[in-house]
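Worksheet: the structure to be examined is printed underneath.
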Amino acid sequence: MIVVMEKDATDEQIQHMVERVQEMGLKAHVIQGTERTVIAAVGDERATKAEALESGPGVSKVLPILAPYKVASRELKPEPTQVQVGGFAAGAGVVGVIAGPCSVESEEQIMASAEAVKRAGATALRGGAFKPRTSPYSFQGMKEDGLKLLAQAREATGLAVVTEVMSSEEVDLVARYADVLQIGARNMQNYRLLEAVGKCHRAVLLKRGPSATVDEFLLAAEYILNEGNPNVMLCERGIRTFENHTRFTLPLATVTYLHKKTHLPVIIDPSHGTGHAYMVPDMAVAAVAAGADGLIIEVHPDPETAASDGYQSLNFEQFAATMQRCRRVAEAVDRRICAMDACAPA
Ligand code: PEP
Ligand code: MN
């Protein structure tokens, strides 16, 4: 249910209604809109008489939320959410760019990558320290040493750090170093992990599972939001289809669908979405044209020698050229690429 408060509802009235919702055994999420405050009452509504809330003080009306996801839905929050972390922002007309290597490999590699992606205009640095690999014999990441190098790169450049957390036991460790916790595609339906990052105070980049529907993707986001973490970004990174000219199939229609259904920012990953470096620039530009709120792009000083995903990584020059094209397209579609120190919260 959505409890829509009157425009002039007082803080006491809002607090009173939050308590009423909680008394019914439901969770109350307060969403402050530009016009008015609404309270999402979520949980098992079967035994409750949520309609009765309509007679509460300062209440304008009580509406059902028809979508299976609640806090993620546009029905609840019509205004787009902007996620902002340090100099990085995504959503509400601002396109945030996250770039860096697939894996953190060495101090030289991550520092050079951080400097280069910053120079080209990215505001967040990616780099995996815990790597989910298809084979147990592939490079598994530098783990905590990798996290330390990412923190060192943030210190030197001011870029926000985005890195993957693979298990709920490691959330505290990764959150100590990272600004944004990435949930990998393979973990999209690891519900205990989603709850753990939902309880954490760090922003989350949730990747779509390669065989998950978009509605399952939104329900996965709902697990995080329902624990009280509002800073969730959805990342389309390609799905499994019969097609084999690309590593995965990158559906850009996801951007439009998600913008209709949710207020959360949508990030496109053209690197995993195509699996070929030569396709990445065009798909990055296309994503911006389609209205994506951000990009996450793999960039490596020497893609040929990368420990993981080198075949889909851009070198520094290719990334800088892609950023220039993205900036021009963003302007053409009335959006702007988030720039360092120029992304004020919405
Ligand atoms: C990655 O970002 O390097 C990665 C492993 O992505 P995904 O979870 O989308 O495969
Ligand atoms: Mn990768």
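The values are calculated or read from the model by the stated rules, or taken from the named source; none is laboratory data. The model shown is predicted, which means the values in this text are computed figures rather than measured ones. All Cβ positions, even for glycine, are placed from backbone atoms using ideal geometry, and neighbour counts span all protein chains on display. Note: areas computed on protein heavy atoms with side chains; ligands, DNA, RNA excluded. Shrake-Rupley method; radii C 1.70, N 1.55, O 1.52, S 1.80 Å.
With every protein chain present, what is the per residue accessible area of segment 211-253 (1.4 Å probe, Å²)?
Solvent-accessible surface per residue comes out at 44 Å².
The residue among M188, S60, P281 whose Cα reaches farthest toward the positive pole of the charge dipole of the chain, with charges on the beta-carbon of Lys, Arg, Asp and Glu, is P281.
Treating the angle as unsigned and between 0 and 90°, give the value, to the nearest 10°, between the Cα long axis of helix 107-120 and the longest Cα principal axis of the chain. Taking the Cα atoms of the chain, the angle to 107-120 is about 70 degrees. Report summary: the helix-based calculation at 222 nm, which adds -39500 (n - 2.57) for every DSSP H run with n ≥ 4 and divides by the residues of the chain, gives -9500 deg cm²/dmol. Helix 280-289 and the long axis of the chain differ in direction by around 30°, with both axes built from C-alpha atoms. Heavy atoms of the protein chains alone define the surface here; on that basis segment 2-63 has 58 Å² accessible area per residue at 1.4 Å probe size. Residue ranking by accessible heavy-atom surface, 1.4 Å probe, largest first, among F242, F248 comes out as F242, F248. For E12 and K199, a Förster radius of 25 Å and the Cβ-Cβ distance give a FRET efficiency of 0.35, rounded to the nearest 0.05. Computed about the Cα centre, the dipole magnitude for the chain is approximately 500 debye when only Lys and Arg (+1) and Asp and Glu (-1) carry charge, each at its Cβ.
Apply 1/(1 + (r/R0)^6) to the Cβ-Cβ distance of A253 and S106, taking R0 = 35 Å, and write down the FRET efficiency to the nearest 0.05. It comes out at approximately 0.35. Report the FRET efficiency, 1/(1 + (r/R0)^6), for E79 and E19, where r is their Cβ-Cβ distance and R0 is 25 Å, rounded to 0.05. In this case the efficiency is close to 0.45. The fraction of all Cα pairs in segment 83-337 landing in successive 10 Å bins from 0 to the largest distance is 8, 35, 41, 16, 0, given as whole percents. Extension gain, Y278-A339: 0.36 nm per intervening residue step, less the Cα-Cα distance, totals 19.4 nm.
Secondary structure note: in the chain, about 40% of the DSSP beta bridges are antiparallel. Across the accessible surface of the chain, with the other protein chains kept in place and a 1.4 Å probe, carbon and sulfur atoms take up 50 percent. Structure remark: mean-square fluctuation, Gaussian network model of the chain, C-alpha springs under 10 Å; the largest value among A151, A289, A332 belongs to A332.
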